[in-house]
Amino acid sequence: MGNLNQQRSPEIDFEYFINISPDLICILDSEHKVIRANQALLKRLKVSAADLAGSDGSWILPEREAQISEIYIEVLNGWFSLTSFPTQDHEGVTTGSVCIARDITAHMQAGESLKNSLSLISATLESIHNGILVVSPDGTVIKTNAKFAELWQMPAEIISSAKDSILLAYAVTQVSDPEAFMAKVSELYENPEAESLDLIYLKDGRIFERISKPIILGGNPEGRVWTFLDITKRRKAEEALMQEQDLMSALMDSIPDHVYFKDLTSRFFRNNKAHVESFGVNDPAFLKNKSDFDFFVKDVADRLFEDEQNIIRTGLPMHKEEQTIRNDKSINWYMATKMPLRNKNNEIIGTFGISRDITDRKKTEQELKLKNEQLFTANAEKDKFFSILAHDIRSPFNAFLGLTSIIAEDLPSLRLEEIQKIGLTMRNSAANLYRLLENLLEWSLLQRGLTTFQPVSFLLHPLVSESLVFALESAAKKEIELNCLIPEDLMVYADEKMVGGIIRNLSSNAVKFTPKGGKVTITAKQVPGQSVEISVSDNGIGMNSELLTNLFHLDINISRKGTDGEPSTGLGLIICKDFIEKNNGKLKVESEEGKGTSFFFTLPARAEPK
């Protein structure tokens, strides 16, 4: 054993101590004013501590201090045993007193109370719904109530026999299983201290709950109390409830939608079969006490939790489409209806929801949206195509035909320099028309998926120099300085034909929209990410924000003439963008009206490893 002297006594909470006491306790000061009262006294007086504090407490003082007095207290409407002892400060000076009152009303009225108690017991036995049979150890009937005779439908003469054996003999004729009935009786009589609870089924369809308890007096069994309660209606109600629950479960499990119930902390406590199986399991207990945080990524789980907590706070239902992402990154869409779950007192105890998986529908909607966008784009492209055919091709032909008419009709009268000028104009018209037809052909092949794509590694400088030949004549005519500042050893991995088309279109555009005496510069450099960035910059007329925004939209007309009236369709930029993206590159544009434009695009520096 340990050293008891080393053990410390636990501190006693005085407030707790006086409040757990069933006795009435009051602390008074030296002038008999109430300082404190325990909960038992406050409850008896039906007042608060604040109301009682400072009031006169003389009524609770005994006749003689530090002695027990038994007095009737009118304020408390009863007899009490009072004890009082003085309170002292640390110097021994009396500061007041503590009064303890114990209710002895029942004791003072013992004779009358006993009589009343017996009468009450008898009245209670006759008023309860249980049939009561009290027998002595030798089987003598001590007491029965009217309900016992009613339940067992026993004649008065059998009840008055006062013999347990006679009552049993009559009762056994009414039960469905007499042997089991008597076996339990025999078992209890052989074990006088045993208790029992079982059900008795009667031939007329009634069901009794039978409880048997020994009467213990002085520690010894002195008989037995049998209690019988007709629970037929309750059992039928329970069976009906069980049947209803079974039907509800069958209904829930037959619904293809997900049905689930959650508590106030948004944890699952009941789910139908479809909801459980949506997690790839068949065990109904799999979801119990789990939450969305166990299955969904945090952002989704946070959103679902907040939705349900808002329903709990407001009591308002919610109906919406929601996207979920599980921890395995699978994405699903649901049409969810969530409502507050209430108990019989209309208190919210959680939420329940019905969710229908609409993932396939959303995919169909997205596919339909994509198809509509593609159809819209196709219509825009068709309109653009016909616009080009109707205007941009017809105009050069008209000019060409007009010049040929002049030659055919006025050739004898034309001077040599006039014929040369007409020839140059016809050549320019033919060149512009050829470039337009070439763009139309490339665009048409690209849209139909007929463009061949053959990426290879090649030096960029030679290809760019070769492609710039198409812009040299126009640049020379407009006295535009055309610079190619590309390192001669810089390699790219792309389709050479497409890259040539990109350079031709961008450089021609730069010359077209740069006034006389301007400058066009093509540069390239290695950038992070194993890419090469190529830029085509000019100091021309530039573009405003509206033009920049619609630059790559076929459905919006952005065509404008060059600084020398050169025609433009905007189709070349669309082709450039498609070619760049086909080569896993990106295109961006920077422009300021009146200051020039720069096109930047990237190409892979080398083939990606397989």
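The values are calculated or read from the model by the stated rules, or taken from the named source; none is laboratory data. Because the structure is a prediction, the values reported are computed rather than measured. Surface areas here come from the heavy atoms of the whole protein model, side chains and all, with no ligands, DNA or RNA. Shrake-Rupley method; radii C 1.70, N 1.55, O 1.52, S 1.80 Å.
Accessible area per residue, 1.4 Å probe, Å², for the chain: what's the number?
60 Å²
Of ASP299, ASP204, which has the most accessible area with a 1.4 Å probe, and how do the rest follow in descending order? Walk me through the intermediate numbers first.
Numbers: ASP299 125, ASP204 95 Å².
Result, largest first: ASP299, ASP204.
Within the assembled protein chains, the solvent-accessible surface assigned to LYS497 is about 150 Å², based on a 1.4 Å probe.
Across the range 486-589, the mean sequence separation of Cα contacts (distance under 8 Å, 6 or more residues apart), normalised by length, yields a relative contact order of 28 percent.
For the residues HIS129, HIS258, HIS32, a 1.4 Å probe over the protein chains yields an accessible-area ranking, largest first, of HIS129, HIS32, HIS258. Using Cα-only point scatterers and the Debye equation, what is log10 of I(q)/I(0) for the chain at each q in 0.08, 0.10 Å⁻¹, rounded to two decimals? So the normalised log intensities are -0.93, -1.16.
What does the convex hull of the Cα atoms of the range 187-310 come to per residue, in Å³, rounded to a whole number? Numbers along the way, then the final one.
Working: hull volume 27.6 nm³, N = 124.
So the per-residue Cα hull volume is 223 Å³.
Helix 232-254 sits at what angle to the longest principal axis of the chain, using alpha carbons and giving 0 to 90 degrees rounded to 10? Approximately 10 degrees, to the nearest ten. Here LYS516 is the anchor, and the lysines within straight C-alpha reach of less than 19 Å, apart from those fewer than 8 places off in the same chain, are LYS477, LYS478, LYS561, LYS595. Between the helical axis of 298-314 and the longest alpha-carbon principal axis of the chain there is an angle of about 50 degrees.
Please compute the contact order of the chain in relative form: average sequence separation of alpha-carbon pairs under 8 Å and at least six residues apart, divided by the residue count, as a percent.
Values: 935 pairs, mean separation 35.0, N = 610.
Taking the mean separation of contacting Cα pairs over the length of the chain, I get 6 percent.
When you work out D = kT/(6 pi eta Rh) for the range 477-610 at 10 °C and 1.306 mPa s, using the Kirkwood radius from C-alpha pairs as Rh and the Stokes-Einstein form, the result is 103 µm²/s. DSSP finds beta bridges in the chain, and of those with both partners inside it, around 95 percent are antiparallel.
Got a sec? What order do ILE311, ILE35 fall in by accessible area at 1.4 Å, biggest, i.e. largest, first?
On the way: ILE311 5, ILE35 100 Å².
Descending accessible area places them as ILE35, ILE311.
Please state the relative contact order of the range 130-285 as a whole percent: Cα pairs under 8 Å, 6+ residues apart?
Working: 221 pairs, mean separation 25.9, N = 156.
Normalised by residue count, the contact order of the range 130-285 is 17 percent.
Listed by chain and number, the aspartates and glutamates whose C-alpha is less than 16 Å from the C-alpha of LYS262, apart from same-chain residues fewer than 8 away, are ASP292, ASP294, ASP302, GLU306, ASP307, GLU308, GLU347. Relative to the longest principal axis of the Cα atoms of the chain, helix 416-447 runs at roughly 30 degrees. 3J(HN,Hα) couplings calculated from phi for the range 57-63 with the Karplus curve 6.51 cos²θ - 1.76 cosθ + 1.60 (θ = phi - 60°) are, in sequence order, x, 4, 4, 9, 6, x, 5 Hz; Gly and Pro show x. In straight Cα distance, which aspartates and glutamates are under 18 Å from LYS582, not counting same-chain residues fewer than 8 positions off? Of all the aspartates and glutamates, those that pass the test against LYS582 - Cα under 18 Å, at least 8 places apart if same chain - are GLU442, ASP495, GLU496, GLU533, GLU608.
How large, in percent, is the carbon and sulfur part of the accessible surface of the chain at a probe radius of 1.4 Å? In the chain, the share of accessible area belonging to carbon and sulfur is 55 percent. Note on THR404: accessible area approximately 50 square angstrom, rounded to 10, probe 1.4 Å, nucleic acids and ligands left out.
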